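Here's the structure we're looking at; comments come further down.
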Amino acid sequence: MKKKSISYAKWGYIFIIPFFLVYFICSIIPLLSTFYYSFFEYYENGLDVIGPTFAGFDNYIALFTPTKSGNIKLLDCTYNTMIMWIMGAVPQIVVAMVLALIFTSTRLKIKGQRFFKTVIYMPNLIMASAFAMLMFTLFSNVGPVNQIIQGITGETFNFFRNTWSARTLVAFVNFLMWFGNTTILFMAGIMGIDQSLFEAASIDGATSTQVFFKVTLPLLMPIIVYTLITALIGGLQMFDVPQLLCGGSGDPNGTTCTLVMYLNSFLSGYRNYGMAGALSVILFIITGILSFIVYRSLVTDESKGGKK
Amino acid sequence: MKKRILTALLASAMILSAASCGEKAAEDTTTTAPAAGGDAAATDAPAAGGDAAATDAPAAGGDAAAEEGKVLNIHAWNEEFKGFFEKYYAGTKPVNAGADGEEGTADDVYYDKAPGIPEGVEVVWTITPSDGGAYQTKVDEMLKAQETAAADDKVDFFLAEADYILKYAGSDKTLDVSTIGVTQADTMYNYTAQAASDANGKMKGVSFQCCPSALIYRRSIAKEVIGSDDPADVQAALSDWTKFEEVAAKAKDLGYYMTASYAETYRTFSNNATEAWVDADNNLVIPGVVKEYIAQAKKFMDNGWTLPDGIWGDEKNAQMFAGGKTMCFFGPAWYYNFSMGNAQDPDAGCFGDWAICQGPQAHFWGGTWLLAATGTDNPTLVADIMNAFTINEDICSALVQNEKQFSNNTTVNQKFADDPNYGNAFLGGQNDTAIFVELAKNIKFENSTIYDQLLNEGLPGQFLGYFEGTATEEEAYAAFYQYVNENYPAIVTP
């Protein structure tokens, strides 16, 4: 009798059942069926549905088949996605880091922190689609920005018909939407660092640069890795902003077409479940590989440093 | 120990409150139930027989329909027909009708005259915008679920456009309307019946409009460029594409644009195709006329005769304001009634500064058909609506006179075309019906496929890079083939 201890573990399991149930129905089943159908010829034609008939790797081969002009759209879209992500994510992390340092600095003691935090987080609360529509209206050929440009130069500049201006706008919207979020994460990370370390560093006569590179940055690494990986996954799924800003096919000439926009194009006419499935699987694999690379390259460095 | 008592207390409080809620709910239903039952069964029933539940339905015309479904489900992609339906058929005034003046407007006559829908029938509109094929996706889903849907959830009829009507008319998801009492009237334009018929000639629906497309031009600009704003003179100056280009060059010299979109003339070409988009083996065929369009659009863009905007673009629409610099637009009656809101703007628009003529090439654009869905539970009502908008001369006349539509009733159209006093104020008093009566004679509905919509809508955009000079012609074709593969997997591209 005495040996028997009361275990509350089963309650833990019972309480997490709802999550796993929902996760199983809404995530695992669709995930597996995506893998499954990616090997099938399965699409709509008018009101008829063709398939599903097993087609092996045909869908994957079709995705890697060059178009008549010789480029592979899948690779183009991957490149577009990465380039627009980097254009947005690099300034996002740099600006967020600077802001986080300013806000957490014990020397500066900025007043009205709450106000600034709210303001920089605000863009994230607006729907991406609304933000994109706002930008579209601002920069369209008949929008206010172009009216100013016309007033100065006498000619309008079509922002959405130039590869680099269109990509910059997409990256800019993503930057604006997410830098506040990253700032808050970094601030939480920095504030979690033991103050005595900073004090010790300043007693030892470390400069601010040294403190940042030798104390703050290494200890912030887990947060940075987390931010990078989530930003990367979010970036690979970039869809709403370029779709609305640059039209469904990624104007001009498909140079702003992201992977998910490509995926969407298989579902906009007569839906092609097989091809969309194959593309989703590829996206899944790309996300997995990139996340692994980021994780490996940053986390091992940190653990080496820690072991010393 | 204390904690345990507290939790017990809280738990019992929760159970109690839940129980009391349950009791209350139960009480509510029990008390209201007899009342409701008494209302309908005991008090009203002897007095006014079939009011609510429609028992045997004596007298009055709409009673056959009253025995049918209680919900009329209509699918559409915009509010255009909904407005006509409510005004001329259902007679249901919009909720905010009295906003301007309590006494109502001139339209009240129509609301009062409307046949009305049978009592107890609720009309449910489902509006899904057509962008990117979203409307068709919605309708497809509904039609596929039609067999298993509850009677009141079944689609009764839905609207379809010329570009994809074949997809529905050719399938068994639409109903042969001759079985419910709608046949091709002599007054209907033949192509409207042809478009709505399947391969065996069974008509699946009707159109309430006929859509010959005209060249819509700004009178003030035409006066400057051509020297006259009279439709006959303008037509003489723009009767073929060579002349059209000559005038375009002249307009450019005077600081005007000939058209406001690189896709503006697309329909004038594509409607006159002598081959379909796909051949018998589902191979993509680029019709010769589409190639002509590509060449022309390139020329117009290179020369700056047109603005580099899409057919529905904001920049193009801004050209319809009084300050616009564009002379020509192409479109049928619905286009200047429904899509040229900027021109009709009381402050910034240029109402009355417009006129129409045939232009270089006869064509049509769009048109809305009402297709009956197989399995409708309101066949009588559906048939009555279809007949009302095609053979009811009062309603057709109202569509022309009041809505400036070009109706699908030759008798009514001819009546207005012959009326010397009839004119459209938007077109400076020109009798547009008279022009359309002539244009309608040339409409052909041929060589269409179930793929037309996204092919026609997508082509100009895929070639924009080529028109602008940022892509080669080969690259544009490759991009278009890729686009076709993505949207229509069944089509084989070169």
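Each reported figure results from applying straightforward, stated rules to the coordinates on display, with no laboratory input. Small disclaimer: the values here were computed from a predicted structure and weren't measured. Glycine gets a Cβ as well: all are built from the backbone with ideal geometry, and neighbour counts include every protein chain shown.
Taking every residue in A:269-277 and counting other chain Cβ atoms within 10 Å of its Cβ, the average works out to 5.
If the convex hull of the alpha-carbon atoms of chain A is projected onto planes in all directions, what is the mean projected area in square nanometres? All intermediate terms of the calculation are to be shown ahead of the outcome.
Numbers: hull surface 109.0 nm².
Averaging across all directions leaves 27.3 nm² for the Cα convex hull.
By definition, a body whose alpha carbon gyration tensor gives a ≥ b ≥ c is oblate when a/c is 1.5 or more and a/b is not larger than b/c, and region A:1-122 fits this oblate description. Placing unit charges on the Cβ atoms only, positive for Lys and Arg and negative for Asp and Glu, gives the protein assembly as shown a dipole magnitude near 5440 debye about its Cα centre.
For the listed residue pairs B:Lys173/B:Lys204; B:Lys87/B:Lys113; B:Lys202/B:Lys415; B:Lys316/B:Lys404; B:Lys82/B:Lys144; B:Lys144/B:Lys173, the alpha carbons are over 18 angstrom apart in B:Lys202/B:Lys415; B:Lys316/B:Lys404; B:Lys82/B:Lys144.
Averaged over peptide A:132-140, how many Cβ atoms belonging to another chain are found within 10 Å of each residue's Cβ? Mind showing how you got there, number by number?
Numbers: counts 0, 0, 0, 0, 1, 1, 0, 0, 5.
The per-residue average across the peptide is 1.
Put simply, when B:383-390, A:202-209 are sorted by average Cβ atoms within 10 angstrom per residue, most first, you get B:383-390, A:202-209. Once Rg and the Kirkwood radius are both taken over the C-alpha atoms of the protein assembly as shown, their ratio Rg/Rh works out to 1.04. Which one of B:Gln358, A:Leu267, B:Ala417 is farthest out on the positive end of the charge dipole of the protein assembly as shown, using unit charges on Cβ (Lys, Arg +1; Asp, Glu -1) and the Cα centre as origin? Final value for the positive-end residue is A:Leu267. Peptide B:473-480 is shielded by partner chain Cβ atoms: per residue, an average of 4 of them sit within 10 Å of its Cβ. Note on chain A: with charges restricted to the Cβ of Lys and Arg (+1) and Asp and Glu (-1), its dipole about the Cα centre is near 1340 debye. The mean sequence separation of alpha-carbon pairs under 8 Å and at least six residues apart, normalised by the residue count of chain A, gives a relative contact order of 27 percent.
Hand me the trypsin sites (Lys or Arg not before Pro) from region B:194-294 located in a DSSP loop with no more than 12 other Cβ atoms within 10 Å, in residue order please.
Working: sites: B:Lys202, B:Lys204, B:Arg218, B:Arg219, B:Lys223, B:Lys243, B:Lys250, B:Lys252, B:Arg267, B:Lys291; in loops: B:Lys202, B:Lys204.
For trypsin sites (Lys or Arg not before Pro) across region B:194-294 that sit outside H, G, I, E and B with at most 12 neighbouring Cβ atoms in 10 Å, the list is empty.
Here region B:270-289 is scanned for amide nitrogen atoms under 19 Å from the site 7 Å beyond the Cα of A:Ile50 along Cα-to-Cβ, giving B:276-286. Largest mean-square fluctuation among A:Ile16, A:Ile72, A:Ile25, in a Gaussian network model of chain A whose springs join Cα atoms under 10 Å apart, belongs to A:Ile16. Here's the picture: charge each Lys and Arg Cβ at +1 and each Asp and Glu Cβ at -1 in the protein assembly as shown, and of B:Ile117, A:Gly151, A:Leu21 the one pushed furthest to the positive end of that dipole is A:Leu21.
Most tightly packed first, judged by the mean number of other beta-carbon atoms within 10 Å of their residues, the peptides B:278-286, A:216-224, B:356-364 read B:356-364, A:216-224, B:278-286.
Among DSSP beta bridges whose residues both lie in the protein assembly as shown, state the antiparallel percentage, nearest 5. Don't skip to the answer; put the middle values down first.
On the way: 29 of 40 bridges.
Percentage antiparallel, nearest 5: 70.
When only alpha carbons are used to place a centre, region B:248-324 and region A:161-215 end up 51 Å from one another.
Mind ordering A:183-196, B:159-172, A:92-105 by average Cβ neighbours within 10 Å, highest first? Let's see the in-between values first.
On the way: A:183-196: 15.7, B:159-172: 22.3, A:92-105: 18.2.
Top to bottom by mean Cβ count within 10 Å: B:159-172, A:92-105, A:183-196.
Loop-only check: which chymotrypsin sites (Phe, Trp or Tyr not before Pro) in region A:1-101 are DSSP coil with at most 10 other Cβ within 10 angstrom? Those satisfying the criteria are A:Tyr8.
Farthest toward the positive end of the dipole of the protein assembly as shown, out of B:Ala248, A:Leu217, A:Leu99, is the Cα of A:Leu217, where the dipole comes from beta carbon charges about the Cα centre.
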